[in-house]
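Visitor: Would you mind keeping the following structure in view while I ask a few things?
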Amino acid sequence: MLVWSQSARAGDPRFESLHAEFVVRPADSPELLRQAYRLRYQVYCVENAFEDPAQHPDGLETDEFDDNAL
């Protein structure tokens, strides 16, 4: 997840290059949420071993904050 402050967005070449390559939108449907949780699993459990994959047998990384997250 990328978080940019409003001031960092304006004219920042790092943001501009990312903005040209990615579309950022809220995960506002069940399928988009599933994709986000699957991506988090890949990053947190597989690539970085931050979380134990055995704790997420469905291949989705979620936590207690997701119900209140935007």
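Visitor: Considering only the stretch 57-70, state which residues are open to solvent by less than 60 Å² (accessible area, probe 1.4 Å) and touching a Lys or Arg at 6+ places or on another chain (Cβ under 9 Å).
Guide: Listed by number, the residues that qualify are G59, L60, E61.
Visitor: Right, something else. Of all residues in the stretch 11-48, which are under 16 Å from the mean Cα position of the chain (by Cα) and hydrophobic (A, V, I, L, M, F, W, C)?
Guide: Across the stretch 11-48, the qualifying residues are L18, F22, V23, V24, A27, L32, L33, A36, L39, V43, C45, V46.
Visitor: Moving on to the next point. Can you name the residue in the stretch 24-52 that is open to solvent by less than 100 Å² (accessible area, probe 1.4 Å) and in contact with a helix residue (DSSP H, G or I) (Cβ under 6 Å, 6 or more places away or on another chain) and is also nearest to L70 (Cα to Cα) among such residues?
Guide: Of everything passing the filter in the stretch 24-52, A27 is nearest to L70 (Cα to Cα).
The values are calculated or read from the model by the stated rules, or taken from the named source; none is laboratory data. The structure presented is a predicted model; accordingly, all values stated were derived computationally and were not measured. All Cβ positions, even for glycine, are placed from backbone atoms using ideal geometry, and neighbour counts span all protein chains on display. When the accessible area is computed, the model is the full protein with side chains, heavy atoms only, and any ligands, DNA or RNA have been set aside. Shrake-Rupley method; radii C 1.70, N 1.55, O 1.52, S 1.80 Å.
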